[in-house]
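Comments concern the structure below.
The values are calculated or read from the model by the stated rules, or taken from the named source; none is laboratory data. Given the structure is predicted, the values throughout are model-derived calculations rather than measurements. Backbone-built Cβ (ideal geometry, glycine too); neighbour counts: all protein chains shown. Surface accessibility is based on the protein's heavy atoms, side chains included, excluding ligands, DNA and RNA. Shrake-Rupley method; radii C 1.70, N 1.55, O 1.52, S 1.80 Å.
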Amino acid sequence: MNKPHYLDPLLRPASIAVVGASEREGSVGRRTVENLLTGKYEGRLYTVNPGYSTVLGVPCFARLEDLPETVEHVVLTVGDARIEAALDETIEHGATAATMMSSLFLEDDEEPLLRDRIEQKIKASGLIVCGANGMGFYNLADGVWVCGFDTRDNHVRGGNVTLISHSGSGMSGILDCEERIDFNLAVSTGQELSVSMDQYLDFALEQPETRAVGLFMETARKPKGMIEAFIKAQHKGIPVVVLKVGRTDLAARLAVSHSGAIAGRDDAYQALFDRYGVQRVHDMDELATTLIMFAQPHPVGEGALVSIHDSGGERQLLIDLAEQTNTPLANVSQATSARLEALLDPGLPPVNPLDAWGAGGPDADTVMQECMAALMSDPAAALGAVIHDRAPNSRLYPEYFDYMRSGHRASGKPVFLVSNRQGSGSDPAAVEMMREGLPVLDGLRSFLTGVRCLLGWRDHRARPSEDIKQADPDVAGKWRLRLAGGATLDEHDSLQLLADFGLPVNPVRRISGRAELLEAAAEFGYPLVLKTAQPGILHKTDCNGVILGIGDSDQLLAAYTDLAERLGAQALVSPMLRDPGVEMVLGLVHDDQFGPLVMMGFGGINVETLHDVAYALPPFGRATARRLLDSLQLRPLLDGQRDRPALDVDAFCEAAERFSVMAAGLAGSLDEVDINPVIVLPDGCTAVDALVVARKASPSDTPG
C-alpha cells in the first residue's frame, strides 16, 4: 500500500476529466484519452467536449459543470487561445489538480502575458498543476498515463525507475524507446508553474518500488526543496542520477576576485551533487545506461571493475577509455592470476582486463565461463563485464549469457554484457536478460560512466559522517557587523578576518611612512615582503606592487621609495617565507541559488589558467577537503619532488575546513573571498595574501 502523498490528486487521482477530448486522429485530446485507456486507468474517467456524447467509448459532457461529480484531476488538452477560460472553469469546478501541455503563448497578447495570468490564477487557487508547456506524465505503477503524445505499447507495471525531466524530449527520448528500463513514473515537468522537480522527486522517493531516479535538469527552481529531496534520497538509500544541462556563468558581472572569475554556476551544481552523493552523467546515453545499471538487483562489492574480452585490441580500448573516464580497474590477486593461468592458452596474460579467447576449440566457451567465475570471485572485483561485440544482425550469442551467469553465480555481484556498439538491429534477448538481473548494454564509454556512478554511490554511502564544526558566534557576529556596509576589505583586514576564524596567516603590518616601515622590519626581521596597500588596487602583482626577498634596510628603503612614488605611500610589510612551498588557493563566491560556494586547489599567478580546483558547499570537514584535494591533477606536487620533502597536506585540509566554517558562519555577508596564495610547507601552511568582498545584499540571504 502506497503512503498518501500531497501529489496524489495529480499523479494518482481517483477521477479524471479530459477537457478538449476528441475523436480526431492525431489530436492531443484523442491521444490523452487513448493513453489513459491503454494504461488501464482504474479511476472514474470523463471527457469534456460539447461536440461529442462519447469519446473512444468514454462518456462525454459539454462542460465541467455537467459532470456527475467534482473530479480530482482535470487534463486541459485545449490550445493557448482557450486555455485561460478552461483553467477558470477548472478552478470554479473545484478540482484539486490539473495538467496543461500548451505553451501559453499568444501572438497578440497584452500585459500581463498569458503565462503570467495563468501562473497567478494557479497560485491564488492552490491548484496542483503539472506543466505548462510539458508532455504530462506516466504513472506506470498506478496506470495513470496523462500524456497527449504516443509512446511504446509494451510498458509494464512493476517498474523500479523514475525519470523526471525538464525537457519533454528528455523524458520521451528514453521512456519511449528503452525497453531495458521498467519505469514506475516518468514526468515532463514543463514550466513548473505549480509543482517543481524536487516535489516530483519527493513523491518518487516515497514509492516503495523506486530503486533509482534519473533527472534531466535545467535548473533547480526551488533550491531548498531540491536539497531536502537529495537528503531524503540519501536516507532512503535511493541513488539519484542527474543529467544537468546549461553551464552558464555564475553571474552577469565582472568578478573582483580570482575565485569569482573562475567559478561558474555549474560548479555550484557540481558541489551540490558531490555533497549529497548525486551521480552525474553527461548525455542521454549515459543517463539511460546508468539507470539500467542501478535498476539491477545485485549489490556492488568492494573493489573495482573486472572484465573479460575475446579481443586484445578491444581490451586495450577498454583500458584507454577507463583511464579517460577515471574508472578504476581491479588488480586481481596472485591466487586469481594462477587460477586464470591454468585455464588460458599459452601467451595470454592472466590479468584484468582479461583477453581469454585464444585458439578457440570445443572447450573455449567453458574456459570463458571459468575465467569469468575466477575474475568475479576475486576480492578486488566489485562488479564485472563480459565485453563482446554483437553477432550478425545485432543478435546476441547465447554463450555470452552463460559467461555472465557463471560470473554471477560465483560471486553474487553485478555482471553486465557490453558491446562496443549495437548496430542498427536489436535482439529481444537483451530485455529478457535485463529481467533476469543481468543487463545487456551498448557502448563502452556509457558503460564506464555507469560503473563510475555505481562505485561513486557505493563510496558515498560508505563514508563516515563528519563532525562538522560551527563558527564562534561572537566572532561571526563581529564580522557580520563589519561587513554590513558591503565594502571590500584591504589585505590587512582580510587577513585579520581569516586569523579570527583560526586560519594560519602570515603576520602583516600596515605602514604609511619610513618610520613605521623600519619599526615593522625590526619586529619581523629580514627577509621581508613589501606590498602596496593603496586603496583601489586589488591585484597587486598586476601593477608590480609586490617586492619579495628584501634582505636589509637599504633594500627596504629603496623598495619603499619606488613603491610610494609609483603607487602611493600606503603599504604592507610581512616576513618573507624562507621555503617557497607550493602555492594553493582557497576561495569563496556567493551563488544566488545555493549560497556560499568554497573553492580549493592550486593557486598562484596562474590560478585562472590552471583552473585545477574543486568546489564544495560549506561547511565541511577535513576528510572532504582531503578527498577533493586528491581529485586534482596537480595533487602529486604536494608529495615532494626529487630531493624536496612531502608537504603538509593535513595542514592545508585543516585550513580548508576552517575556511568552510567561516564561509557558512558568514553566509549572506560575503560575496567573494580570495586567499591566494596559501603556501603549503613541509610543516604547516600559511595564507600570505587575501581579498574579501562583502555582499551588499541582506546578511539574511539564504538559498531560496
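Each row is one residue, and each column tells you yes or no for (1) touching a Leu at 6+ places or on another chain (Cβ under 6 Å); (2) assigned to a loop (DSSP other than H, G, I, E, B); (3) not aliphatic (A, V, I, L, M).
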| position | (1), (2), (3) |
| --- | --- |
| F294 | no, no, yes |
| G301 | no, yes, yes |
| E314 | no, no, yes |
| N331 | no, yes, yes |
| G347 | no, yes, yes |
| P350 | yes, yes, yes |
Legend entry - Total residues in the stretch 38-50, condition open to solvent by 60 Å² or more (accessible area, probe 1.4 Å) and under 19 Å from T90 (Cα atoms): 2
Inset, instruction - For the stretch 208-218, state whether one or more residues are closer than 13 Å to F137 by Cα, in contact (Cβ under 8 Å) with a residue 12 or more places away in the chain and either outside any strand (DSSP E or B) or not polar (S, T, N, Q) (or both). - result: no
Inset, instruction - Answer yes if at least one residue in the stretch 95-112 is in a helix (DSSP H, G or I) and either in contact with a Lys or Arg (Cβ under 6 Å, 6 or more places away or on another chain) or over 30 Å from L291 (Cα atoms) (or both), and no otherwise. - result: no
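Let's see how each residue does on (1) small (G, A, S); (2) surrounded by 23 or more Cβ atoms within 10 Å (Cβ to Cβ):
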residue	(1), (2)
I83	no, yes
T90	no, yes
A97	yes, yes
S103	yes, no
S125	yes, no
N133	no, no
F137	no, yes
V146	no, yes
V156	no, no
Legend entry - Qualifying positions in the stretch 316-329 - open to solvent by 20 Å² or more (accessible area, probe 1.4 Å) and either outside any helix (DSSP H, G or I) or at positive phi (or both): T325, N326, P328, L329
Legend entry - Single condition L691 does not satisfy, out of (1) modelled with pLDDT of 95 or more; (2) closer than 12 Å to L586 by Cα; (3) hydrophobic (A, V, I, L, M, F, W, C): (1)
Inset, instruction - Look through the stretch 62-74, keep the residues that are open to solvent by less than 50 Å² (accessible area, probe 1.4 Å) and without any contact (Cβ under 8 Å) to a residue 60 or more places away in the chain, and return whichever of them is farthest from A97 (Cα to Cα). - result: A62
Inset, instruction - Note down all Cβ pairs under 6 Å where the first residue falls in the stretch 85-100 and is under 14 Å from A124 (Cα atoms), the second is open to solvent by 10 Å² or more (accessible area, probe 1.4 Å) and assigned to a loop (DSSP other than H, G, I, E, B), and they're at least six residues apart or on different chains. - result: G94/T70; T96/E72
Legend entry - Condition met for Y403 (more than 34 Å from the chain's Cα centre (by Cα) and surrounded by 23 or more Cβ atoms within 10 Å (Cβ to Cβ)): yes
Legend entry - Pair list, Cβ under 8 Å, 6 or more apart: the stretch 113-128 residue on the phi > 0 side of the Ramachandran plot, other residue open to solvent by 50 Å² or more (accessible area, probe 1.4 Å) and of a type in the set (D, E, K, R): none
Legend entry - Any hit, the stretch 32-39, residues being closer than 15 Å to G148 by Cα, of a type in the set (A, V, I, L, M, F, W, C) and outside any helix (DSSP H, G or I): no
Inset, instruction - Report, by residue number, each residue of the stretch 443-471 that is open to solvent by less than 30 Å² (accessible area, probe 1.4 Å) and more than 19 Å from the chain's Cα centre (by Cα). - result: G443, L444, A471
Legend entry - Every pair of residues 6+ apart whose Cβ atoms lie under 9 Å, when the first sits in the stretch 307-330 and is over 13 Å from D389 (Cα atoms) while the second is open to solvent by 60 Å² or more (accessible area, probe 1.4 Å) and among the basic types (K, R): L321/R445; Q324/R445; T325/R445; T325/R452; N326/R452; T327/R452; P328/R452
Legend entry - Only one of L638, L670, L691, L610 that is touching a residue at least 12 places away in the same chain (Cβ under 8 Å), in contact with a Leu (Cβ under 8 Å, 6 or more places away or on another chain), open to solvent by 20 Å² or more (accessible area, probe 1.4 Å) and not basic (K, R): L610
Inset, instruction - For D402, state whether it is in contact with a helix residue (DSSP H, G or I) (Cβ under 6 Å, 6 or more places away or on another chain) and farther than 25 Å from G450 by Cβ. - result: no
Inset, instruction - For the stretch 247-265, state whether one or more residues are assigned to a helix (DSSP H, G or I), at pLDDT below 95, under 15 Å from the mean Cα position of the chain (by Cα) and over 26 Å from G384 (Cα atoms). - result: yes
Inset, instruction - Test L383 against the criterion of being at pLDDT 95 or above, surrounded by 13 or more Cβ atoms within 10 Å (Cβ to Cβ) and assigned to a strand (DSSP E or B), and give yes or no. - result: yes
Inset, instruction - Specify the residue that is farthest from the chain's Cα centre (by Cα); the eligible residues are those in the stretch 13-37 that are exposed (fewer than 15 other Cβ atoms within 10 Å of the Cβ) and not aliphatic (A, V, I, L, M). - result: R24
Legend entry - L185 assigned to a loop (DSSP other than H, G, I, E, B), at negative phi, crowded, with 20+ Cβ neighbours inside 10 Å and at pLDDT 95 or above: no
Inset, instruction - Tell me which of these W357 doesn't satisfy, since it passes every other one: (1) open to solvent by 50 Å² or more (accessible area, probe 1.4 Å); (2) touching a strand residue (DSSP E or B) at 6+ places or on another chain (Cβ under 8 Å); (3) more than 22 Å from M433 (Cβ to Cβ). - result: (3)
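Let's see how each residue does on (1) touching a residue at least 40 places away in the same chain (Cβ under 8 Å); (2) more than 17 Å from S411 (Cα to Cα):
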site: A342; (1), (2): no, yes
site: G347; (1), (2): no, yes
site: A356; (1), (2): yes, yes
site: D363; (1), (2): no, yes
site: E370; (1), (2): no, no
site: A373; (1), (2): no, no
site: A381; (1), (2): yes, no
Inset, instruction - Looking at (1) within 24 Å of K696 (Cα to Cα); (2) open to solvent by less than 20 Å² (accessible area, probe 1.4 Å), find the lone condition where P619 falls short. - result: (2)
